[in-house]
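Here the structure is laid out as structure tokens; the discussion comes afterwards.
The values are calculated or read from the model by the stated rules, or taken from the named source; none is laboratory data. Since this is a predicted model, take the numbers as computed values, not measurements. Positions of Cβ are generated from backbone atoms using ideal geometry, with glycine treated the same way; all protein chains shown enter the neighbour counts.
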Amino acid sequence: MLEQRIETHINDILTGDAQKNALDFVKCLRVSDMTFERGKGYWEDKHYWMIKYKGEFVCFILIGGDNEKDESWTIWSDDSGSNWFEDYPLDEHTKEIIYMNVDLCENCGGCIGGTSKTIFGKTFDIVCRTAFKFDNPDHEVVECTKKLVELRKKDIQKRLCGTDSYTDINALAIDEWADNDWEWSIPISREVFAEAKNGNWDVLLTPTKPVPHEWFSPFIHKNRLDGVKLLGLASGGGQQMPIFTVLGADCTVLDYSERQLDREREVAEREGYDINIVRADMTKKFPFNNNCFDIIFHPVSNCFIEDVYHVWNECYRVLKPGGVLLSGLDNGFNFIVEDYTVRPLVITNKLPYNPLKNPAQLKHTLDEDGSIQFSHTFDEQIGGQLKAGFIITAAYEDFNNEPDAIADGIPSFWATKAVKLQISGSHKYRALD
Ligand SMILES: C[S@@+](CC[C@H](N)C(=O)[O-])C[C@H]1O[C@@H](n2cnc3c(N)ncnc32)[C@H](O)[C@@H]1O
């Protein structure tokens, strides 16, 4: 017989706010790719589910308590023994809610009587195997449990982390930044959009310096890009693509963060235009045919991937002959110095910065902001474009958007314009191997 979904049981057993909150929590679990397994053994007759991500426990949910008439519901956190909740930075209010829901031992006999655990920086004695227990969580508490689910998911990904899944970790981290108004996730305003319609526009490849309009040559005519096929590569966030759309370009945006693409969708709906939105990981083959774009606009983003050669090769493949690739590049300085306000400047990391090859860097970067980023050399950034077959025809450098870095004249970014030459036959100009 087909197993009923947990939602059916929630609708049958719970009512009012409890039903709403439980459905909301389950929806979040589904969006986060969790799987649901009905409890066995002792739990067989109860409405009890084990929630897993990639085969590892994330939480447990009981709907309806011990008997059918009980309109309560409970969430327990995982009992994996992983210490994912030890010291992750959370705001004080969320921590207070969590502290009130630490699952302290009540001698139920399920274990030997609880252990001491550090929970978001605070130590508790006699904590059960499941560190948290939320009875009938209200809306605010459910929001907090969603955060915990996200942290546990990251914890699982961190341990499964190999070269295959680091981009998923980054996409999750960027989703979170986007939800917290990261500067590269704040869509342009109606006013900026309207100004672009009047011909006053700027776009950014790097933090502060606008791209010179002549960089769009030979495709720009009378300050417009009518009919130009443009790919915004790792360019979600609703910042650059709306401008290109106003200028008449036929735009496709590719990004791996759902939230960044949501921002893109929001602006398109707000301003009433069409845009092709593609969720894809740029470390994989691009989901486009050969020779199909005139311009690729690629703001600083390859710091989120390990192998940039792949991206240059794919850009070369999908650009039409004569097409241009405009890129923003991190030159690595940001990885050496992390805080420009500390004097004298402190060299925090040695280059190359590659957390996939350095466990200390992996811990550092995940603790810092939950993402896995990489420094790249001149050889990779510039040599890589040349090696793919591009000719670089223009370049400038730019600064981190931090007053101290600017005041000291320390550039952390480059922008390049590269052209895929129109040449007959299959010959490509290549940098020497
Ligand atoms: C600094 S932001 C650039 C976008 C920004 N709104 C702009 O226009 O300048 C970096 C972008 O790279 C995207 N990104 C990171 N890793 C990616 C990957 N593996 N594939 C595709 N996009 C990725 C992020 O989601 C983010 O939107």
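Here are some notes:
- For region 210-233, the set of residues classified as surrounded by fewer than 21 Cβ atoms within 10 Å (Cβ to Cβ) and of a type in the set (G, A, S) consists of S217, G227, listed by residue number.
- Within region 52-64, residues that are on the phi < 0 side of the Ramachandran plot have Cβ atoms under 6 Å from residues that are among the polar types (S, T, N, Q) and part of a loop (DSSP other than H, G, I, E, B) in these pairs: F57/S80, counting only partners at least 6 apart in sequence or on another chain.
- Condition check for G237 on (1) closer than 19 Å to F293 by Cβ; (2) touching a Pro at 6+ places or on another chain (Cβ under 9 Å): one failure, at (1).
- T115 vs. criteria polar (S, T, N, Q) and farther than 24 Å from V26 by Cα: yes
- When V300, V311 are checked against the criterion of being within 14 Å of the ligand (Cβ to nearest atom), assigned to a loop (DSSP other than H, G, I, E, B) and either surrounded by 21 or more Cβ atoms within 10 Å (Cβ to Cβ) or among the basic types (K, R) (or both), V300 stands alone in meeting it.
- Taken over region 222-241, residues that are part of a loop (DSSP other than H, G, I, E, B), within 12 Å of the ligand (Cβ to nearest atom) and not hydrophobic (A, V, I, L, M, F, W, C) amount to 6.
- Flag for G272 being away from the ligand (no atom under 12 Å from the Cβ), at pLDDT 95 or above, in contact with a Leu (Cβ under 9 Å, 6 or more places away or on another chain) and among the small types (G, A, S): no
- Criterion (within 22 Å of K420 (Cα to Cα) and either part of a loop (DSSP other than H, G, I, E, B) or not assigned by TED's automatic domain parsing to the domain that holds N302 (or both)) met by exactly one of F219, F244: F219
- Any strands (runs of 3 or more DSSP E) falling wholly within region 73-190 and containing at least 1 residues that are modelled with pLDDT under 90 and not assigned by TED's automatic domain parsing to the domain that holds D262: 102-104, 115-119, 122-135
- Taken over region 14-59, the criterion of being of a type in the set (F, W, Y) and surrounded by 20 or more Cβ atoms within 10 Å (Cβ to Cβ) is satisfied by F25, Y48, W49, Y53.
- Residue in region 98-120 that is in contact (Cβ under 8 Å) with a residue 24 or more places away in the chain and among the small types (G, A, S) present: no
- Within region 249-269, if we keep just the residues that are away from the ligand (no atom under 13 Å from the Cβ) and free of Cβ contacts under 8 Å to residues at least 40 places away in the same chain, the residue that is surrounded by the most Cβ atoms within 10 Å (Cβ to Cβ) turns out to be A268.
- Elements of the type helices (runs of 4 or more DSSP H) sitting completely within region 322-433 and holding at least 2 residues that are of a type in the set (F, W, Y): these cover 333-336.
- All conditions in (1) of a type in the set (S, T, Y); (2) loosely packed, with under 14 Cβ neighbours inside 10 Å; (3) within 22 Å of K147 (Cβ to Cβ) hold for T74, with the sole exception of (2).
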